[in-house]
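This report refers to the structure that appears directly beneath it.
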Amino acid sequence: MLRAQLRVVLLALRWPAAAAAGLLAVTTVMVVAEWARGRGGIDFNPELSIIPGVVGLLLPIGVWRGEDRFGDGLLWTLPVDRRAHALARVAAGWAWLLLALAVFQAWLLALVLLTGGNVLGDQVVQVLASGTTLAPMGAVEPSQLRTVRLPAEPALWLVPFTAATGAYAIGSAYALGVRHPVRWLVGPLLALLLVSAVGAAAGSRALALAPSGVLETLMYGTYGFDTLLTARSESLHTVARLPSGAVAPVWLALPDLGHWVAATLLWTGGGLAALWLAASRHGERRRA
Amino acid sequence: MEGAMHADLGDGACAVATHGLTKRYGDATALADVALRVPTGAVYLLVGANGAGKSTAFRALLNLERPDAGRAEVLGLDVSARGPEARAQVGYVPDRHDAGPRALTCGELLRYAAAYRPTWDAAYADRLARALALDPAKRVGALSKGNARRLQLLLALAHRPPVLLLDEPTDGLDPLVRRAVLALLAEHLADGPTTVLIATHHVAEVESLADHVGVLRGGRLVAQLDRDALHRTVRRYRVRLADGREAQRTMRGEARDVAAVLAAEGAEVREAAPLRLEDGALALLQEEVPA
Amino acid sequence: MLVTLDPRDERPLYLQIVEQVRRALVVGSLRAEDPLPSVRELAAELVVNPRTVLQAYRALEEEGVVYVRRGQGTFVAPAVGGDDAGRRALARGVAERALLDARRNGLGAAELVAMIRELAAGEDDDGGRDAR
């Protein structure tokens, strides 16, 4: 069953995979050309794992495309236990995702090594002093910044894999568990917008801002989605404008490995639990 | 009264049977206490208007639907307890035309399905593909409705299952191909013992193939009988009414009983003409057939 | 051999096949030792359940009209042909149907026979085309 699913998922994803390979080739040419012209090499950067994360989140669309998920399509009428079958399809997609990621990471490593970038070395970064915030437009006083040495963190090489896995589990649960994906996406967003609008109309600032607060926490909170996808390096890493007019990369705070581990366990665990429930919707109809 | 109208087909030799099968969707009743009896080796035609419950019955037989009451059996296997085993015995053509993952070619999809079917007959699948003029290199997502249906037929037949569940098997096909498909089906039946349950709106084209008929109306199985019983018990009567006028009545029942019923109304039977299977089934489908 | 089924005929399909084989023998389109189409072929041609064809062939076999050669198929029995008994049986079938139809239309047997004679006489005048 798993073998058949590995085959069918590979066949179903061959064109997107070919497109992705093409994209990588183009990127390689561009990066190498830049480097040859004397620009600096590229560093390994956990922010890049947002790509695997997004790929993982969207991959289920390709994995389930053309399947009559809530009907009586071929997948459900084959002579195997249906929940196990659904999970086998998900697992097959995951296996190919990890393989593709391994290739992606190897490509990235090769590129970093080729261009002499920073692979796993220490980094010296500028961090916003605690207790201060970035002014609008990212303006910052030099006194607010402190220079610290960010120690090498080999564990960050795992981030793409965990990010993709967690996102894929969530995406798969969504694809498998929800009959009308668009409605379930647009509905809650509209609901949040509505709450916000009602709050604004009622003059309640708290209510008006609550939805964006919820989204903010969900996406960029300490254990938010971004922590799963990029170990928070995406949301914490920004650029600031010094009074001199120079633009410098600045960290709002240093990423915390513990937060990343916790967020990964939280989101992946939740995703897997949701996936189990979603697959159970398609299980054998045993008599109660 | 209901029981008297059902030919007693017994329970022992049924390849497909349901017992008190009931399914509701909210307030709507899709199936109400349905007791299908499809004898082994029969070609059983299930007729009913759209929404009469035919597809729901098929879905229940594949354990895709949890009944609110009753149970379904395929070759004696209770499908809710042994769904996968029951599905292993079944070739299914679904109502809808999505044959499978759209990115695959037909050939790839067939090989994929074959991996799940130990009884898959690759040589027969090739022959069917040729007979149905199905291009194995064509992408599933690019198939027309008719070609998707051909592919689904191939998927259902090529593993030579003992039971075929065909929901509108000729839907989307043009008339010449419909005939060819049914001839293929007849040939298929000659190759091995197979029980067929067909639901279709095109009763005429399967009326020589079918030897049993079940009629679903509003989720109820209002009639279930073999072909000969249908010919014998559903007829069009030309009657002379008490006032001397002549009228046509389609009536259900043994000729003697019908004559007695009509006599009680003061009408006299002038002629009793048999109906072709299609007309008989359609007559049973309409409410006004008096019993 | 040409077999066609009449969907309006209330007789079981297998009997219709039996009758058509008999008729083919009587009119000579099937002769002794001729092969019958295989069950598979005839089922596909008529789009009937092969069981129906099988049932017909069995009935014919029981009557001694056909016999089965193992692995080769079904053949017309050697002694069978367009004999008088067969012609009589065929004529009887035609007459029975005509009579039934006449009664349905409120005609008596005598009226029917008279009309048949009259029509037949008319045909003779037209060209004397009388079978054998």
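The values are calculated or read from the model by the stated rules, or taken from the named source; none is laboratory data. None of the values given here were measured: they were computed from a predicted structure. We place every Cβ from the backbone using ideal geometry, glycine too, and count neighbours over all the protein chains shown. The protein model used for the area step is the full one, side chains on, heavy atoms only, and it has no ligands, DNA or RNA in it. Shrake-Rupley method; radii C 1.70, N 1.55, O 1.52, S 1.80 Å.
A few remarks follow.
- Residue among C:Ala85, C:Ala91, C:Ala79 that is in a loop (DSSP other than H, G, I, E, B) and exposed (fewer than 13 other Cβ atoms within 10 Å of the Cβ): C:Ala79
- Which listed residue is charged (D, E, K, R), at pLDDT 90 or above and either over 29 Å from B:Ala32 (Cβ atoms) or in contact with a helix residue (DSSP H, G or I) (Cβ under 9 Å, 6 or more places away or on another chain) (or both), from B:Arg256, B:Arg178: B:Arg178
- Candidate set: region C:34-68, residues that are within 9 Å of chain B (Cβ to nearest Cβ), open to solvent by 40 Å² or more (accessible area, probe 1.4 Å) and out of contact with any strand residue (DSSP E or B) (no Cβ under 9 Å at 6 or more places or on another chain); chosen: the one nearest to C:Pro12 (Cα to Cα): C:Leu54
- Residues within region B:16-55 that are in a helix (DSSP H, G or I) and either of a type outside the set (S, T, N, Q) or farther than 27 Å from C:Val47 by Cα (or both), tallied: 1
- Annotation note: of A:Val103, A:Val80, the sole residue that is exposed (fewer than 15 other Cβ atoms within 10 Å of the Cβ) and either out of contact with any Ser or Thr (no Cβ under 9 Å at 6 or more places or on another chain) or of a type in the set (Lys, Arg) (or both) is A:Val103.
- Qualifying residue in region C:9-28 (condition: open to solvent by 10 Å² or more (accessible area, probe 1.4 Å), away from every other protein chain (no Cβ under 14 Å) and not in a helix (DSSP H, G or I)): yes
- If you check A:Ser130, A:Ser143 for being at pLDDT below 90, in a helix (DSSP H, G or I) and open to solvent by 30 Å² or more (accessible area, probe 1.4 Å), only one passes: A:Ser143.
- Test: residue in region A:90-109 that is assigned to a helix (DSSP H, G or I) and under 28 Å from B:Leu153 (Cβ atoms): yes
- Selected residue (only one of A:Ala240, A:Ala200 is more than 30 Å from A:Arg82 (Cα to Cα) and surrounded by 14 or more Cβ atoms within 10 Å (Cβ to Cβ)): A:Ala240
- Residue in region B:94-114 that is of a type in the set (Ser, Thr, Tyr), modelled with pLDDT of 90 or more and over 25 Å from A:Arg14 (Cα atoms) present: no
- Within the option set A:Leu24, A:Leu75, A:Leu114, being within 12 Å of another protein chain (Cβ to nearest Cβ) and either hydroxyl-bearing (Ser, Thr, Tyr) or in contact (Cβ under 8 Å) with a residue 12 or more places away in the chain (or both) holds for one residue only, A:Leu75.
- Of all residues in region B:59-88, those satisfying the criterion of being more than 7 Å from every other protein chain (Cβ to nearest Cβ) and under 17 Å from the mean Cα position of the chain (by Cα) are B:Ala60, B:Leu61, B:Ala72, B:Glu73, B:Val74, B:Leu75.
- Those residues of region B:251-278 which are touching a residue at least 12 places away in the same chain (Cβ under 8 Å), of a type outside the set (D, E, K, R) and either away from chain C (no Cβ under 14 Å) or open to solvent by 40 Å² or more (accessible area, probe 1.4 Å) (or both), in sequence order: B:Met251, B:Gly253, B:Ala255, B:Val258, B:Val261, B:Leu262, B:Gly266, B:Ala267, B:Val269
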